[in-house]
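Asker: Dumping the structure here so I can ask a few things about it.
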Amino acid sequence: MNLERKYDWVLILVLCGVVYGGFLNNTFHYDDEHSIQQNPHIRQLANIPDFFSDPAQFSVDADKGMYRPLLLVSYALNFALGGFSVTGYHLLNLLIHGLNACLVRWLALRLTGDARVGLVAGLLFAVHPLGTEPVNYISSRSDSLAALFALLALGFFVQAEQDQQPRLRTWVRLSLVLALLSKESAIVLPALFVLYDYLFLSRQQWRGVWAQFWRRHGPYWGLTVAYLLVLSVNGFLGRSLGKPARDLGDHWATQIKALAYYPYLMLMPARLNVEHQFSVAPGWLALPVLLALALALSAAWLLWRHRRQQDQAVFLVVWALLALLPVMLMPLNVLVNERRLYLPCAAFCIGLAWLLRAGRVRGWALVGALVVVAGLSSWRRSQVWADEMSLWSDAVKKAPQMPRAQLYLGNAYKEIALEEMGRTGRSAHWAEAAEHYRLAAKYAPNGDLGLRGLNNQGSVLYMLNDYAGAEKAWRQALAQNPRFEDALVNLGSFYLTVGRAQPDRTRRDQLLHQALDTYQQALQIRPNHPEAHSNVGVVLQELGQYDEARDAYARALHIAPNDGQVLKNMGSLFAVLAQQVPPAQRRAYLLQAREYYSSALSFGYRQAGEGLAQVDRLLQANP
């Protein structure tokens, strides 16, 4: 490697650091809660072997399992080095993105033979605004990590065949396996290798491809088949195919429409959003679908007709389409999102750099302007990812009719209301939360997001002491889905609250046991529900079963060690126990209560302050 190439790598990495280095403290978001913050499996490095056999290790909720073992290994390493400190997670995301930008530079050089095209492609990829989600959203690491090994695999394949270096095929195989273990979308890589063979190695003669197929491609297809067998054996493939998010016909029509939307996002990334205003296509005859299909077929026909003169363009376009193929075929909950464009964006940046060079653009003025504009756009977009409120406020502003955006903005207002000390401010935040939950239920009346909006509406009414309205909302949610565990937990909390207020001891105990039964129903559906375990502890504590209550709180803390409310509950239990033990043991129990209350405060749960003050007074009285 000469000095010029070394400086190219350094320039790309420095640029990534300049654009994203100021946002390493952006918070966890969205799926991070169930896959990282509440996921007990990533907290022990000894669990790593299980990541490669059990998809349920992906999340605290087994129903959200994914087979992405290498991604889980990266989470486990992050946790081992820094716990839940978000900086380490962001730093690794940024490092992966920087390496990917360097790989785009290497691959562009290999594909075009032009060092300038390689450098420009790497710089453009480093700052393209579509990279902001994979850098700032930790769970989007699955896309950037899979892209890292996919780019390595493609680069090694091109180098092995261009330079006739058979030994490099071992690195192709290893990179392919690592890409598949990062995210299932890497399954298209063998098809991309065949495309490269057809266009550049076999001189666009299929006979040449077939003549060398088993030598050049057989091992890669064999590894892919083996990967599918693993998915079948561990049950992930069957569960994924058995529960599509929507009708296949509607999904495919919608993704055809998306084929016109995705290029727009790459060319004009000015209104990026975590949740785009995009709807399910009403059918194949809908005008947007027909227009998108006509545009796609026309572009395909033109490229194929001129494939001998435009072989590089054909390769880059089909590369981007292949990268999107898995999500186009398999219905997922989210219709379109930006992280799906991460690997296609690499092809786009190589193509743009190639066009700039082919157009004989002299000097670096235009390239510099593009890099600066894109870098500033990525920097501003990263500001939006600072926290849940900024992220989902931006989403609702740009996509007001998307129920997911309304639901999560309601959640953000709910969290602020829980932390707000002033009564007036708290009421305003509850009102905002209730309105956004109402809109979520309105825009998805028969879907899961609407169901969650209805359930959360009940939670707001509960906090406002409208218990009858809260119970009605939760029962409506359970009428739609009797196995909706969050509504069961909330209904249990209703019984708990009403039971505590009962002056009649018999009626009180009946309601507390009814609450306990309801929580247990939720735990049968979702055994790792931290709030259900915590509330079981509250009921048991009310019933005087202190050892059992302590075990329930411990289970909740194992799942959610940073949950301030659970920590506060454990502190209250030790404060109660301190009054029931001999005086010689009282101080030890009070100190334990103080530790839990202090931890709850450190994680922002201000309601623990009163308990801490009371324990401090007792400690002063019991030196």
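The values are calculated or read from the model by the stated rules, or taken from the named source; none is laboratory data. Please read all numbers here as calculations on a predicted model, not as lab measurements. Here Cβ is always computed from backbone atoms with ideal geometry, including for glycine, and neighbour counts include all displayed protein chains.
Asker: Can you pull out every residue in segment 55-64 that is crowded, with 16+ Cβ neighbours inside 10 Å and either within 23 Å of LEU557 (Cβ to Cβ) or of a type in the set (Phe, Trp, Tyr) (or both)?
Answerer: Just the residues of segment 55-64 that are crowded, with 16+ Cβ neighbours inside 10 Å, to begin with: 55-61.
Correct list: ALA56, GLN57, PHE58, SER59, VAL60, ASP61.
Asker: Scan segment 229-246 residue by residue and report those that are free of Cβ contacts under 8 Å to residues at least 24 places away in the same chain and more than 21 Å from the chain's Cα centre (by Cα).
Answerer: LEU229, SER232, VAL233, GLY238, GLY242
Asker: Might you let me know whether segment 203-223 holds any residue that is in contact with a Pro (Cβ under 9 Å, 6 or more places away or on another chain) and under 27 Å from CYS349 (Cβ atoms)?
Answerer: yes
Asker: Hey, another quick one. Which of the residues spanning segment 522-543 are within 28 Å of the chain's Cα centre (by Cα) and either in a helix (DSSP H, G or I) or more than 12 Å from LEU488 (Cβ to Cβ) (or both)?
Answerer: Within segment 522-543, the subset within 28 Å of the chain's Cα centre (by Cα) is 522-535.
Within segment 522-543, ALA522, LEU523, GLN524, ILE525, PRO527, ASN528, PRO530, GLU531, ALA532, HIS533, SER534, ASN535 meet the criteria.
Asker: Taking segment 250-262 as the region of interest, how many residues are crowded, with 20+ Cβ neighbours inside 10 Å and more than 22 Å from ASP448 (Cβ to Cβ)?
Answerer: Final tally of qualifying residues: 3.
Asker: Anything in segment 449-487 that is free of Cβ contacts under 8 Å to residues at least 12 places away in the same chain and either part of a helix (DSSP H, G or I) or surrounded by 21 or more Cβ atoms within 10 Å (Cβ to Cβ) (or both)? List them, or say none. Don't jump to the end; show me each part of the working.
Answerer: Within segment 449-487, the subset free of Cβ contacts under 8 Å to residues at least 12 places away in the same chain is 465-466, 468-469, 479, 482.
Within segment 449-487, ALA468, GLY469, ALA479 qualify.
Asker: Failed condition for ALA613, given (1) at pLDDT 90 or above; (2) in contact with a helix residue (DSSP H, G or I) (Cβ under 7 Å, 6 or more places away or on another chain); (3) not acidic (Asp, Glu), with all others met?
Answerer: The one condition ALA613 does not meet is (2).
Asker: Sticking with this one: If a residue must be loosely packed, with under 12 Cβ neighbours inside 10 Å, over 31 Å from the mean Cα position of the chain (by Cα) and in a loop (DSSP other than H, G, I, E, B), how many such residues does segment 263-306 contain?
Answerer: The total comes to 1.
Asker: From the list VAL117, VAL104, which residue is within 25 Å of LEU199 (Cα to Cα), aliphatic (A, V, I, L, M) and at pLDDT below 95?
Answerer: On the way: VAL104 fails: at pLDDT below 95.
None of the other options fit; the residue is VAL117.
Asker: Hey, another quick one. Out of ARG357, ARG380, ARG362, which single residue is of a type in the set (Lys, Arg) and at pLDDT 95 or above?
Answerer: Values: ARG357 fails: at pLDDT 95 or above; ARG362 fails: at pLDDT 95 or above.
Result: ARG380 is the single residue among ARG357, ARG380, ARG362 that is of a type in the set (Lys, Arg) and at pLDDT 95 or above.
Asker: Is one or more of the residues making up segment 507-528 surrounded by fewer than 23 Cβ atoms within 10 Å (Cβ to Cβ), aromatic (Phe, Trp, Tyr) and touching a helix residue (DSSP H, G or I) at 6+ places or on another chain (Cβ under 7 Å)?
Answerer: no
Each row is one residue, and each column tells you yes or no for (1) assigned by TED's automatic domain parsing to the domain that holds HIS97; (2) of a type outside the set (Phe, Trp, Tyr); (3) over 19 Å from LEU154 (Cβ atoms); (4) in contact (Cβ under 8 Å) with a residue 60 or more places away in the chain.
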residue	(1), (2), (3), (4)
ASN273	yes, yes, yes, yes
VAL280	yes, yes, yes, no
GLY283	yes, yes, yes, no
LEU295	yes, yes, yes, no
ALA299	yes, yes, yes, no
VAL317	yes, yes, no, no
MET330	yes, yes, yes, yes
LEU335	yes, yes, yes, yes
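Asker: Can you confirm whether TYR198 is among the aromatic types (Phe, Trp, Tyr) and in contact (Cβ under 8 Å) with a residue 12 or more places away in the chain? Can you show your working first?
Answerer: Values: among the aromatic types (Phe, Trp, Tyr): yes; in contact (Cβ under 8 Å) with a residue 12 or more places away in the chain: no.
No; evaluated as a whole, the condition is false for this residue.
Asker: Enumerate the helices (runs of 4 or more DSSP H) found wholly within segment 548-623, keeping only those where 3 or more residues are surrounded by fewer than 17 Cβ atoms within 10 Å (Cβ to Cβ) and not assigned by TED's automatic domain parsing to the domain that holds VAL538. Before the answer, list the steps.
Answerer: Details: elements: 564-578, 583-602, 608-621.
Qualifying helices (runs of 4 or more DSSP H): 583-602, 608-621.
Asker: Would you pick out the residues in segment 180-206 that are within 23 Å of LEU111 (Cα to Cα) and of a type in the set (D, E, K, R)? Explain how you work it out, then say what you get.
Answerer: Applying the first criterion (within 23 Å of LEU111 (Cα to Cα)) to segment 180-206 yields 185-206.
Hits for segment 180-206 are ASP197, ARG203.
Asker: Name the single residue, out of those in segment 328-353 being modelled with pLDDT under 90 and surrounded by fewer than 22 Cβ atoms within 10 Å (Cβ to Cβ), that is nearest to VAL314 (Cα to Cα). Break it down stepwise before answering.
Answerer: Step one: list which residues in segment 328-353 are modelled with pLDDT under 90, which gives 328-335.
In the following step, the residues that additionally are surrounded by fewer than 22 Cβ atoms within 10 Å (Cβ to Cβ) were identified as 328-334.
Numbers: MET328: 20, LEU329: 22, MET330: 25, PRO331: 27, LEU332: 28, ASN333: 31, VAL334: 29 Å.
Residue satisfying both the conditions and the ranking: MET328.
Asker: If you don't mind, there's one more thing I want to ask. Out of all the residues in segment 577-599, is one or more at pLDDT 90 or above and within 21 Å of PHE28 (Cβ to Cβ)?
Answerer: There is at least one residue in segment 577-599 that is at pLDDT 90 or above and within 21 Å of PHE28 (Cβ to Cβ).
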